[in-house]
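Novice: Got a structure for you, questions after.
Bear in mind that the values in this text are calculations on the coordinates, not laboratory data. Bear in mind that the values here come from a model prediction, so they are computed numbers and not experimental data. Ideal geometry is used to build each Cβ from the backbone, glycine not excepted, and the neighbour counts take in all protein chains shown.
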Amino acid sequence: MKMMPSCREITERASDYLDQNLSPWQRAAFRMHLLMCVYCRRHMKHLDLTVATLARIAAEKKARGSDDIQRIVELLKQQADSPAGQKGEDCR
Ligand SMILES: [Zn+2]
């Protein structure tokens, strides 16, 4: 990855970023891009919410033995409605 990754690189590496598979330097460049690029911020936010929702669903499924599709849709809606711009690293 170059010093400043392109939007394409950001989307390509997004899951690596979320999975902490980037080097500290790559993470720094990634975050720098996100600071400056609203499109990638949106992309990341969406991806992050999707991953978090899927993890939550998996946990609930494990706990209750249910995989009700309606519940999944509700969770996704709830998360989509949550206020933007308040996501910090430690508010999960
Ligand atoms: Zn971008």
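Novice: Along each principal axis of its Cα atoms, how long is the range 7-81 end to end? Whole angstroms, biggest number first, please.
Specialist: For the range 7-81, the Cα spread along each principal axis is 41, 24, 15 Å.
Novice: R0 = 41 Å: FRET efficiency of ARG64 with THR11, Cβ-based, nearest 0.05?
Specialist: After rounding, the FRET efficiency stands at 0.75.
Novice: Calculate the spin-label point distance for ARG31 paired with ASP48, positioning each point 7 Å from the Cα along the beta-carbon direction, and give it in nanometres.
Specialist: 1.1 nm
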